Amino acid sequence: MRLSKPKVSIIGSGNVGSAFAFALMIRGIAREIVIVDKDKKKAAGECMDLKHGLSFTYPVTISSQGYEGCADSDIVVITAGARQKPGQTRIDLVQTNVDIFKDIISNIIKYTKDAIILVVTNPVDILTYLTLKISGLPANRVIGSGTALDTSRFRYLISEHCKVDPRNVHAYVIGEHGDTELPVWSNASIGGMKIEKYCPMCKNFGNCGHEKELEKLFDKVKNAAYEIIEAKDATSYAIALALVRITEVILRDENSVLPVSILMKDYYGINDVCLSLPAIVNRGGVERILRLELSAKEQAQFKHSAQTLKGIIKGIKF
């Protein structure tokens, strides 16, 4: 019998995978980290670099292995795949990463059918759907990182605009992790106050062009990845922290609410597509999706996001 020690396997040792392993090691929530990559030399080098810092962190075993290393994992996190290039959308990566994922998922399932699979590779919603179909796992145990990062960006930019701590901002980005994602302004709040009630308290209210400023703010959220990729070729730090938070919520059985990508079942009439919504996450994966009261405009945007992804899925060769 395996002793109780949280084990996380990471597929892919690129920018995101290695940053996640580093953040996970520092946070001290896993006692075993396995890195799997087709470039075995790269994976071994990342592990060696991480292990040389173990005297500064919590105890953890770190190793590079083949897919057999996924056995007994609590969570398998997939970061491998073709990387988004400057000027390229997440959707442009579809068929390339679908072909890569067919091999990855079949290899994971050879060694574990008990782990929760967390998909990070873009386009994350489509690849989460593909993972669900190929793996045969229950929908609650196949999760996409979805709009967890977009939501963090959203909260940060609202906090910067309103001059408050981002931890006191409660607002979500939902739908596709991509160009059709949408902000849920109707439910956004600061310190328990709806944002439209809070904004008049701001000393700049009336001078900042309130509604236009908020529209600009969300455009920054939606285009943030493109800007970062243009500047430094890849995003890594913030997504790594988002993954650590999702992992922590699962391993600690927190019942926390996170905006993750999950299979839709009659959500405003939407079915059979993976999209992000606030969901209660715990040791079993996603326990349930929260039913947000969306405005008529938000409902239309959410349905458009679903229809866009469904249209792309129809053209994929599974």
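Annotations for the structure displayed:
- Annotation: of all residues in the range 150-167 being modelled with pLDDT of 95 or more and touching a strand residue (DSSP E or B) at 6+ places or on another chain (Cβ under 6 Å), the one that is farthest from THR180 (Cα to Cα) is ARG155.
- Residue in the range 175-183 that is over 23 Å from TYR129 (Cβ atoms), out of contact with any Phe, Trp or Tyr (no Cβ under 7 Å at 6 or more places or on another chain) and either modelled with pLDDT of 90 or more or not small (Gly, Ala, Ser) (or both) present: no
- For the range 245-266, a residue qualifies if it is under 15 Å from ILE116 (Cβ atoms), touching a helix residue (DSSP H, G or I) at 6+ places or on another chain (Cβ under 9 Å) and aliphatic (A, V, I, L, M), and the qualifying residues are ILE246, LEU258, VAL260, ILE262, LEU263.
- Residue within the range 258-266 that is within 18 Å of the chain's Cα centre (by Cα), surrounded by 14 or more Cβ atoms within 10 Å (Cβ to Cβ) and of a type in the set (Ser, Thr, Tyr) present: yes
- Residues of the range 57-111 satisfying the condition of being closer than 25 Å to PHE318 by Cα and among the charged types (D, E, K, R): GLU68, ARG83, LYS85, ARG90, ASP92, ASP99, LYS102, ASP103, LYS110
- In the range 209-266, the residues that are among the hydroxyl-bearing types (Ser, Thr, Tyr) and farther than 25 Å from ASP72 by Cβ: TYR226, THR235, SER236, TYR237, SER261
- Note on the range 116-131: among residues that are of a type in the set (Ser, Thr, Tyr) and within 20 Å of PHE302 (Cβ to Cβ), the one that is nearest to the chain's Cα centre (by Cα) is THR128.
- Listing of strands (runs of 3 or more DSSP E) fully contained in the range 202-292 that carry 2 or more residues being of a type in the set (D, E, K, R): 256-267, 285-289
- Hits in the range 15-66 (condition: touching a helix residue (DSSP H, G or I) at 6+ places or on another chain (Cβ under 7 Å), in a helix (DSSP H, G or I) and under 22 Å from ILE250 (Cα atoms)): VAL16, SER18, ALA19, PHE20, ALA21, PHE22, ALA23, LEU24, MET25, ARG27
- Taking the criterion of being farther than 29 Å from ASP92 by Cα, surrounded by fewer than 15 Cβ atoms within 10 Å (Cβ to Cβ) and either among the small types (Gly, Ala, Ser) or touching a residue at least 24 places away in the same chain (Cβ under 8 Å) (or both), the residues of the range 275-311 that qualify are ARG283, GLY284, GLU287, LEU290, ARG291, GLU293, SER295, ALA296.
- ALA234 passes every criterion in (1) within 16 Å of ILE116 (Cα to Cα); (2) touching a residue at least 12 places away in the same chain (Cβ under 8 Å) apart from (1).
The values are calculated or read from the model by the stated rules, or taken from the named source; none is laboratory data. Because the structure is predicted, anything quoted here is derived from the model rather than measured. Note: ideal-geometry Cβ built from the backbone for every residue, glycine included; neighbour counts use all protein chains shown.
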